[in-house]
Amino acid sequence: MWRAAWRLTDNVIPDNLSVRKNRLYRLVTLSLLLFVTTALAGCTTGTSVTESETEAQVPVEEPVTAPEPEPEPVVELPSEDSQVWTARWLIDRPVFVMMDNHAGARPQSGLKEALFVYEMLAEGNITRYMAVFTGTGDYEVGPIRSARPYFINRALEYDGLYVHVGGSPQAFSDLSKLKVADIDGLSAGRNIFWRRSHKKIPHNMYSTLNAVRKDADRKKFRVEPEFDIPVYAKTAAPPSVDQASSVKLVYRQGSSGYVSGYLYDEALKAYGRQVNGAPHVDELDKSPLMVTNIIIQTVRTKTLDNEGRLVMDDVGTGQGWYMSMGARIPIQWEKADRRAQTIYKTEEGTAIELNPGVTWIQVVPQWLEPVWNEGA
């Protein structure tokens, strides 16, 4: 029985145990698989976070681009002509000489040596010149005529020695009141001023720069100049593309008229000056006057007395033109007071730089309209 029972039990229980074992094996196997899967997933996630943290902690070096070197600044040096004309103003106090422009005084002597020349009305629509010189010289300048207040204003701009023979009542008053360094032919000796016989009085008074400076020394006038010199362009260039091959300024018509003109010479890059339609020559050697810069300045004028003397509103602001090298631009001018320099500007407000060379300043009344490009 015992053996039989064992066998029975052996026959039954083993079968149940086998089933249980199989179930247990499967359960254990699934558990192991789940554990391994979870562990692997955990390891994978941990590795990913660590790498992300590592990547965040270790910056990636960007390639460094070397900065491009700064270009060397281009320094434009003044041309030799610019330096020469600038240097001419630095010699000593300039000499401003009043010059006759009556028909009986033409041609004038010494104009070709001037740096600046002004032409302005005197009386009766006749004009007078004022030439500006520096340095010394024994060549004659003249004929020399009388002073006017608005010419004095221009001499004050450049601290000039003002040379004249007599003057209007207002001019004498201004010379005294403004303490102008003037040299008057009515009071200086005959070794300073003299009359020439080839022209009639009063159109024949002459002097030289040497004689003028001698009298300035006698009067103990200061020698060193005290003013702002004109600014010359480093390189000559036309002011615009607006053509100005010629201009004519009619102050007064007639056989003994006062018509000033300029004709451009492309070969010389300068204007030939004309008087009443003929070339303006210098009495010294009959050479034609050539001009690099022309400033036309419009001012208001008013007749002062029965003699026809004028008041010119040259203190303030106004308009005009600048011509050079066959071209022109409209300009504005301003003068703060009688001693202040007249400043010429473009319409945009930039101060004009003159091309190196002779400059003529044509001061015209408001009624005078320039005639462009129709000959001179």
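FYI, it's all coordinate maths here, none of it is from the lab. Since this is a predicted model, take the numbers as computed values, not measurements. A quick note on method: Cβ atoms are made from the backbone with ideal geometry, for glycine too, and the neighbour counts reach across all protein chains shown.
In table form, for the structure just shown:
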item	result
Spin-label model distance (nm) - ASN373 vs LYS286, 7 Å beyond Cα toward Cβ	3.6 nm
Fully extended contour minus Cα-Cα distance, from GLN332 to ALA267, at 0.36 nm per residue	20.4 nm
For segment 236-376, size of Cβ-based charge dipole, Lys and Arg +1, Asp and Glu -1, in debye	220 debye
Gain upon complete extension [GLU224, ASP138; 0.36 nm per residue less C-alpha separation]	28.9 nm
Gain upon complete extension [ASN191, GLN319; 0.36 nm per residue less C-alpha separation]	41.8 nm
Under 5 Å, built H, 5+ apart or other chain: amide partners of ALA327	ALA244
Ranked list, fewest to most other Cβ atoms within 10 Å of each Cβ, for SER187, SER146	SER187, SER146
q = 0.30 Å⁻¹, segment 182-241: log10 I(q)/I(0) [Debye, one scatterer per Cα]	-1.27
Karplus-derived 3J(HN,Hα), 6.51/-1.76/1.60, for each residue of segment 98-105, Hz, glycine and proline x	6, 10, 5, 10, 5, 4, x, 9
TYR262 long-range amide H proximity, modeled H, under 5 Å	VAL247, GLN274
Spatial extent of segment 226-376: Rg and Dmax, with the Cα atoms as the point set, Å	15.9, 49
Footprinting exposure proxy for SER109, SER79, SER173 (fewest neighbouring C-beta atoms within 10 Å first)	SER173, SER79, SER109
More than 28 angstrom apart: percent of Cα pairs within segment 80-372	33 percent
Ranking of ASP182, ASP215 by count of other Cβ atoms within 10 Å, fewest first	ASP215, ASP182
